[in-house]
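Here is the structure we will look at.
The values are calculated or read from the model by the stated rules, or taken from the named source; none is laboratory data. A quick note: this is a predicted structure, and the numbers were derived from the prediction, not measured. All Cβ positions, glycine included, derive from the backbone under ideal geometry; neighbour counts span all protein chains shown.
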């Protein structure tokens, strides 16, 4: 089921040159080792020119399950991973991988257990009792659940655009309303495919694709803008499916019944109590995010038991806030300064 892996990888992802040819920059540029494989998931350890400070807690990144992990290491200069490594943080990442057809039976409990194993292995490899954890999108929700179940192992928690209060989930909340949305029926045929998931997001903003290409046409003369656009398009086209069993629980328990902030969500028979999270908590959100509205993200801070709790509102959308021009200007400095003071 899981095994150690000793071989090194260069860190680059072949996203395919596509229509952009040689203008597509290297994706996932930060060199890394694959330390552990657990089913389709992998634990990555990043290497950099700046030695990691051993007195700091290591940082484990947890991306969304339905998008490739390298949105956190998209391209040179626009990378959460690069910023953390350059600041001297020992940086790790859970790559969820792409589920196989038989993974339709991978349920929510198994997903959280896999995250727990990856966190435990990171602690073992680094010799630290506690980790700093950063979860992005659905990974933020999962990281919060993990921190509530194992609070003594988390030194600091960053929720990067992850929803917690699903009564404020915006259009996605309305789209998945139990009155007209049955997750069990939808997932009865197997894993939710990448195409199915993406069509749901397209429905949120039907004209977004057209607007994207019109905007690109205005910047097509700028090679830097073309590289940025090409990198994001390569990542956005590299999506994965969602295990069916886990999908049903995610939609029913969280989106439809809002059990997480109500303290009624259970994993492996244990109630998830967000008030058990007492480590420092930073939530990063934007006012224009349609995937995770500001109110949905702030639900973590309102429900947790941390006395050191902050909400940082940045610019951009759900992806642009992480890999857009505001990332190196505002987001990355905020991440490194906040973690430096708390690890």
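Out of contact with any helix residue (DSSP H, G or I) (no Cβ under 6 Å at 6 or more places or on another chain), closer than 27 Å to residue 316 by Cβ and buried (at least 24 other Cβ atoms within 10 Å of the Cβ), is that true of residue 156?
When the stated conditions are applied, residue 156 does not pass them.
Could you check the stretch 238-343 for helices (runs of 4 or more DSSP H) lying wholly inside it with 3 or more residues that are under 18 Å from the mean Cα position of the chain (by Cα) and within 26 Å of residue 131 (Cβ to Cβ)? Show your work before the answer.
Working: elements: 244-249, 259-262, 294-303, 320-323, 332-340.
Those helices (runs of 4 or more DSSP H) span 294-303, 320-323, 332-340.
Read through the list (1) modelled with pLDDT of 95 or more; (2) farther than 22 Å from residue 291 by Cα; (3) surrounded by fewer than 20 Cβ atoms within 10 Å (Cβ to Cβ), then give the number of the only condition that residue 189 fails.
Of (1) modelled with pLDDT of 95 or more; (2) farther than 22 Å from residue 291 by Cα; (3) surrounded by fewer than 20 Cβ atoms within 10 Å (Cβ to Cβ), only one is false for residue 189: (1).
In the stretch 41-68, which residues are out of contact with any helix residue (DSSP H, G or I) (no Cβ under 7 Å at 6 or more places or on another chain) and surrounded by fewer than 17 Cβ atoms within 10 Å (Cβ to Cβ)?
Once the filter is applied, which keeps residues that are out of contact with any helix residue (DSSP H, G or I) (no Cβ under 7 Å at 6 or more places or on another chain) and surrounded by fewer than 17 Cβ atoms within 10 Å (Cβ to Cβ), the stretch 41-68 yields 47, 49, 51, 53, 54, 55.
Here is a list of conditions, (1) in contact with a helix residue (DSSP H, G or I) (Cβ under 7 Å, 6 or more places away or on another chain); (2) closer than 21 Å to residue 59 by Cβ; (3) free of Cβ contacts under 8 Å to residues at least 24 places away in the same chain, and residue 259 meets all of them except one; can you say which number that is?
Going through the list (1) in contact with a helix residue (DSSP H, G or I) (Cβ under 7 Å, 6 or more places away or on another chain); (2) closer than 21 Å to residue 59 by Cβ; (3) free of Cβ contacts under 8 Å to residues at least 24 places away in the same chain, residue 259 breaks only (2).
Would you confirm, using the coordinates I've provided, whether residue 294 is buried (at least 21 other Cβ atoms within 10 Å of the Cβ) and modelled with pLDDT of 95 or more?
On the way: buried (at least 21 other Cβ atoms within 10 Å of the Cβ): no; modelled with pLDDT of 95 or more: yes.
When the stated conditions are applied, residue 294 does not pass them.
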